[in-house]
């Protein structure tokens, strides 16, 4: 047991280290016993001098071969990060901050969709870095488009994405006019799993629309374009500004109020309405203020052909008050519209798509190439290069 003098000396030393916080504790408690004093010392010591843990070796590594293994992996990976190993075929579309082109990784003759972003504005780079990190996380969910590789040149950022060949949900709606309940149920269930995965990881998409929902060759969906995502959204509302597409944007976003994941659930409600009717529930015309007024003062028209459960689901998602919106208030998977589903089967992509995409036609190469390098652009992002492990197999 420490003597009173020892306790006093320790207290003085700790009071100096902790910036006087112990004084408040002593005033509150009257005194500390020796065990409390020593525990406080251990806490402060851990903060000032954190332990350095030894890196544990992988079972495959050994002291002699570890360095050689790393060199071999770097050589294998570097080919995927070389712009000269990609051949461009045609432009697929324009995403946030850049255009997307169909390309092939020539060494394996493997198709990929490359998003090409020019390093023009410093402010844009934070969004690109954020998009790249979400694309890596997306590899853990089958209903999100993932990055096969992310790399850069002196003036370009390149995101090599998995190529999804079945078109978009927007194409399907335009071709058919509208979808039936069975088709809506299938697409809606997979979109829900994708959205919930994002939200579980603190990610709000902010630009959900049929154009950003790809369909693969089996008919399953992939949510894409994470260029406008907001991250670290774990429950609290945040003022993130206006982002999104007119017609799909929640009233809170249009009014530039604080918002949370409820913004995505609103967009999902709009997508459901569009699948069911072929139209948008609210006009996308006018200024942001006019669009917000249209939503606040109006109600969508629901055709008699809609089932009562589907109509109720859409109404619950298009609640004007975000706190009352399904997805924020209540578990959307428990809604009666989804009552026939087994969600475990949905998550494992066990459901059969009611619409089979047509096989992609043969590739015709267009006159397209990577933008020319700009010698004045020399900003290289640190820790940006990445290759999905499955691509190395």
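Which members of region 153-172 meet the condition of being crowded, with 19+ Cβ neighbours inside 10 Å and assigned to a helix (DSSP H, G or I)?
If the condition is that a residue be crowded, with 19+ Cβ neighbours inside 10 Å and assigned to a helix (DSSP H, G or I), then 169, 172 are the ones that fit.
Might you check whether a residue that is surrounded by fewer than 19 Cβ atoms within 10 Å (Cβ to Cβ) and out of contact with any helix residue (DSSP H, G or I) (no Cβ under 7 Å at 6 or more places or on another chain) occurs anywhere in region 204-214?
no
So in region 370-393, with the set limited to residues that are part of a loop (DSSP other than H, G, I, E, B) and at pLDDT 80 or above, which one is nearest to residue 92 (Cα to Cα)?
Initial filter on region 370-393 (part of a loop (DSSP other than H, G, I, E, B)): 370-385, 388, 393.
Among the residues that remain, those that are also at pLDDT 80 or above are: 370-371, 384-385, 388.
Working: 370: 14, 371: 16, 384: 24, 385: 23, 388: 22 Å.
Of everything passing the filter in region 370-393, 370 is nearest to residue 92 (Cα to Cα).
Residues that are under 28 Å from the mean Cα position of the chain (by Cα) and assigned by TED's automatic domain parsing to the domain that holds residue 175: does region 298-310 have at least one?
First, the residues of region 298-310 that are under 28 Å from the mean Cα position of the chain (by Cα): 310.
With the extra rule that they be assigned by TED's automatic domain parsing to the domain that holds residue 175, the set shrinks to 310.
Scanning region 298-310, I find at least one residue that is under 28 Å from the mean Cα position of the chain (by Cα) and assigned by TED's automatic domain parsing to the domain that holds residue 175, so the answer is yes.
Please specify each residue of region 173-208 satisfying the condition of being part of a loop (DSSP other than H, G, I, E, B) and on the phi < 0 side of the Ramachandran plot. Break it down stepwise before answering.
First, pick out the residues of region 173-208 that are part of a loop (DSSP other than H, G, I, E, B): 177-180, 201-203, 205-208.
Those that are part of a loop (DSSP other than H, G, I, E, B) and on the phi < 0 side of the Ramachandran plot: 178, 179, 180, 201, 203, 205, 207, 208.
Suppose we keep only residues that are under 22 Å from residue 330 (Cβ atoms) and surrounded by 14 or more Cβ atoms within 10 Å (Cβ to Cβ) within region 294-306. Which one would you say is modelled with the lowest pLDDT?
Taking region 294-306 as the starting set, the residues that turn out to be under 22 Å from residue 330 (Cβ atoms) are 295, 299-300, 302, 306.
Narrowing further to those that are surrounded by 14 or more Cβ atoms within 10 Å (Cβ to Cβ): 295, 300, 302, 306.
Details: 295: 90, 300: 95, 302: 96, 306: 95.
Among those that are under 22 Å from residue 330 (Cβ atoms) and surrounded by 14 or more Cβ atoms within 10 Å (Cβ to Cβ), it is 295.
Determine whether residue 278 is in contact (Cβ under 8 Å) with a residue 60 or more places away in the chain and more than 26 Å from the chain's Cα centre (by Cα). Before the answer, list the steps.
On the way: in contact (Cβ under 8 Å) with a residue 60 or more places away in the chain: yes; more than 26 Å from the chain's Cα centre (by Cα): yes.
In short, yes.
Could you please let me know if residue 252 is in contact (Cβ under 8 Å) with a residue 24 or more places away in the chain, touching a strand residue (DSSP E or B) at 6+ places or on another chain (Cβ under 7 Å), outside the structural domain of residue 146 (by TED's automatic domain parsing) and not in a strand (DSSP E or B)? Give the steps one after another, and end with the answer.
Working: in contact (Cβ under 8 Å) with a residue 24 or more places away in the chain: yes; touching a strand residue (DSSP E or B) at 6+ places or on another chain (Cβ under 7 Å): yes; outside the structural domain of residue 146 (by TED's automatic domain parsing): yes; not in a strand (DSSP E or B): yes.
Taking the combined requirement at face value, the residue satisfies it.
Looking at 108, 99, 126, can you tell me which residue is assigned to a strand (DSSP E or B) and either touching a residue at least 60 places away in the same chain (Cβ under 8 Å) or surrounded by fewer than 19 Cβ atoms within 10 Å (Cβ to Cβ) (or both)?
Details: 108 fails: assigned to a strand (DSSP E or B); 126 fails: assigned to a strand (DSSP E or B).
Only one candidate passes the filter, namely 99.
The values are calculated or read from the model by the stated rules, or taken from the named source; none is laboratory data. Small disclaimer: the values here were computed from a predicted structure and weren't measured. No Cβ is skipped: glycine too gets one built from the backbone with ideal geometry, and neighbour counts run over all protein chains shown.
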